[in-house]
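To start, the structure itself, in C-alpha cells.
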Amino acid sequence: MMNDPIADMLARMHNAAMVRHPQVVMPASKMRVAIAKILKDEGFVDKLEVTRDRPQAKLKLWLKYDTAKKPVLSGTRRVSKPGRRIYASKRDIPWVRNGMGVAIVSTTKGVMSGARAKKEGLGGEILCEVW
C-alpha cells in the first residue's frame, strides 16, 4: 500500500536517473501528471506520455541527460508530507539551490512552479523541491 504517491514518483524518478535509465513508468494520477508537466517545462524531463490502460492509467517519463550522460535531475525532496503539511505565503515560497532547482506548489489555481506562484501572487502547499 502506498501512502504518498508524490514521494513514490520522486523516488522512482531519482532512482531511474541515478542508474541512467532513459525512461520511468508509474501509475498516473492528476497530481502526478501536473507535476510531470512542470518538470518538463523546467527542463528536468524530456518528454511525457499518459497511456489510458485499464484498470490504471500509466505515466511514462523520458528523463533528460546532458552531453556527458549525467542526469539533469540530481536531487529531489518531498517537503509537505501526509503527516505534516507545509504551507507558504507568496513571500515564503523557497528559492531552491540558488535558482538551480524548482519548488512545486499546489495553489488555488492548480499546481505550478514556485516562481510562477510568486509571479501570480499566490501561496499554497509546498509539495516538493527538485534540483
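If a residue has to be touching a residue at least 12 places away in the same chain (Cβ under 8 Å) and loosely packed, with under 13 Cβ neighbours inside 10 Å to count, how many in the range 60-85 make the cut? First the steps, then the outcome.
Filtering the range 60-85 down to residues touching a residue at least 12 places away in the same chain (Cβ under 8 Å) leaves 60-65, 69, 71-82, 85.
With the extra rule that they be loosely packed, with under 13 Cβ neighbours inside 10 Å, the set shrinks to 69, 82, 85.
Of the residues in that region, 3 qualify.
Can you pull out the residues in the range 1-60 that are part of a loop (DSSP other than H, G, I, E, B), among the acidic types (Asp, Glu) and more than 14 Å from the chain's Cα centre (by Cα)? Write out each step before concluding.
Keep residues of the range 1-60 that are part of a loop (DSSP other than H, G, I, E, B), which gives 1-4, 19-22, 28-29, 42-44, 52-57.
Now restrict to residues that are among the acidic types (Asp, Glu): 4, 42, 53.
Hit for the range 1-60 is 53, nothing else.
Which count do you get for residues in the range 43-59 that are surrounded by 11 or more Cβ atoms within 10 Å (Cβ to Cβ) and among the acidic types (Asp, Glu)?
Here the count works out to 2.
Sort out which residues of the range 61-78 are among the hydrophobic types (A, V, I, L, M, F, W, C), part of a loop (DSSP other than H, G, I, E, B) and in contact with a Pro (Cβ under 8 Å, 6 or more places away or on another chain), and write them in order of number. Walk me through how you get there before you give the answer.
Taking the range 61-78 first, the residues among the hydrophobic types (A, V, I, L, M, F, W, C) are 61-63, 68, 72-73.
Add one more test, that the residue is part of a loop (DSSP other than H, G, I, E, B), and what stays is 68, 72-73.
None - no residue of the range 61-78 is among the hydrophobic types (A, V, I, L, M, F, W, C), part of a loop (DSSP other than H, G, I, E, B) and in contact with a Pro (Cβ under 8 Å, 6 or more places away or on another chain), so the list stays empty.
Taking the range 1-37 only, how many residues are surrounded by 14 or more Cβ atoms within 10 Å (Cβ to Cβ) and at positive phi?
Number of matching residues: 0.
Output the residues belonging to the range 22-47 that are free of Cβ contacts under 8 Å to residues at least 24 places away in the same chain and within 17 Å of residue 110 (Cβ to Cβ).
30, 37, 40
Every number in this text was worked out from the coordinates using simple rules, so none of it is lab data. Because the structure is predicted, anything quoted here is derived from the model rather than measured. All Cβ positions, even for glycine, are placed from backbone atoms using ideal geometry, and neighbour counts span all protein chains on display.
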